[in-house]
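Q: So that we are looking at the same thing, I have put the structure below in structure tokens.
Rule-based calculations on the coordinates, nothing more; no lab input. Keep in mind the model is a prediction, meaning the values are calculated, not measured. Don't worry about glycine lacking a Cβ; one is built from the backbone with ideal geometry, like all the others, and counts go over all protein chains shown.
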Amino acid sequence: MSFVYGNFSSLLAVGLGQLKSEQPEISVTGVRDKSVVISCKVSSQDFSNEYIHWYRHKPNQGIEHLAYVVTVPALKDLGGKKNKIEARKDVRTSTSTLNIRFLQKEDEATYYCAWWVYVHSWIKIFGGGTKLIVTLPDRSLDGDMSPKPTIFLPSIDEINLHEAGTHLCLLEKFFPDVIKVYWKEKNGNRVLESQQGNIIKTNDTYMKFSWLTVTKKSMDNELVCIVKHENNKRGIDQEILFPSIENNKRGIDQEILFPSINKEVTTHACVKKGSDSLQLQLTNTCACYTYLLLLLKSLVYFVIISFCVCRRTAVCGHGKSS
């Protein structure tokens, strides 16, 4: 028997007539003692008879089988809680759902759906996984927790010097930390090879960089940075448009596009001609660290001087007493 996980299901789907498992949410956030629902859409010609399995995987642990559903809903006790989980199927939409009740911190994990298909041998096709995050009841998540984008376009200096340009997308103030970022050409289908920065925690939210470097001959193409996140408005992926270099020279604004919605949100691109935007960021970062270093240096001087003053006072006091 073989196992095929979500990242490989698209490769398998070509040879199996688009047989695959899709989990639309990369993460779900639930409040402790409440419940959440995780969904999985299965591309099968005989969904009503398929056995849909649900698993979970915690860091540094093996994958754990939770339940499976065929026709009637499957209930299971877990963690000392009766009917903690419930697996269902909706034949009309070819969707299976996993309802997790009485949420606790230990329920945090990545949850996978899976089903079997026979091609010369039995193969289990897994979905891409959905990460569950459990928050405390007193944590406020009412604000806008979607990623806030700022874009940096290639500078004229960078293009002239390297005959290439780096497009950088900064995403800030989002929660939770589960996020997927990838790049395409506008109106294109091919995912471009890009670089991903680490996710950084800032207070109670997170930030992330993603950047794409293109050659000079490709700079006439408009690019789109696509952001998938749980808290995107209306649950739709953000598509952040990077104008071509020619449009950039004319001062065209950056647009955040939401497909299937006749609405465009426009923000200004952070571009400065004649300077390298990446170098500007590094300069700001260096300035911050320099300030911290000077602050630490001042603190050390303060401790040394205080020690000397206290010691001198002690010596003088001892001399008087003798």
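Q: For Tyr112, Tyr301, Tyr68, which order do you get if you count the other beta carbons within 10 Å of each Cβ and list the fewest first?
A: Ordered from fewest to most neighbouring Cβ atoms within 10 Å, Tyr112, Tyr301, Tyr68 come out as Tyr301, Tyr68, Tyr112.
Q: Here is a follow-up. Can you tally the net charge around Ser96? Count Lys and Arg as +1, Asp and Glu as -1, for every other residue whose Cβ sits under 15 Å from the Cβ of Ser96.
A: The answer is +2.
Q: Another one. Based on the mean of other Cβ atoms within 10 Å per residue, sort peptides 115-126, 167-178 so the most packed one is first.
A: Top of the packing list down: 167-178, 115-126.
Q: Let me ask you something else. With viscosity set to 1.002 mPa s at 20 °C, what whole-number translational diffusion coefficient in µm²/s follows for the stretch 2-135 from Stokes-Einstein and a Kirkwood radius over Cα pairs?
A: Rounded to a whole number, D works out at 143 µm²/s.
Q: So, R0 is 35 Å and r is the distance between the beta-carbons of Ala164 and Lys201; what FRET efficiency does that work out to, to 0.05?
A: E between Ala164 and Lys201, to the nearest 0.05, is 0.65.
Q: Also: What percent does the relative contact order of the stretch 22-167 come to when contacts are Cα pairs within less than 8 Å and at least six residues apart?
A: Averaging sequence separation for qualifying contacts and normalising by length gives 27 percent for the stretch 22-167.
Q: Any chance you could run the full-extension gain for Val70 through Lys173? It's 0.36 nm times the residue separation minus the Cα-Cα distance, nm to one decimal.
A: 33.0 nm
Q: Sequence neighbours fewer than 8 away in the same chain don't count; with that in mind, list the lysines whose C-alpha is under 24 Å from Lys148.
A: Correct list for Lys148: Lys131, Lys173, Lys180, Lys184, Lys186, Lys201, Lys208, Lys228, Lys233, Lys263, Lys272, Lys273.
Q: A further question on this structure: Using the 2.2 N^0.38 Å rule of thumb for compact globular proteins, work out how the stretch 136-227 stacks up: its C-alpha Rg over that value, please.
A: 1.28
Q: Hey, another quick one. Just add up the charged neighbours of Thr110: K/R +1, D/E -1, any other residue whose Cβ is under 10 Å from the Cβ of Thr110.
A: +2
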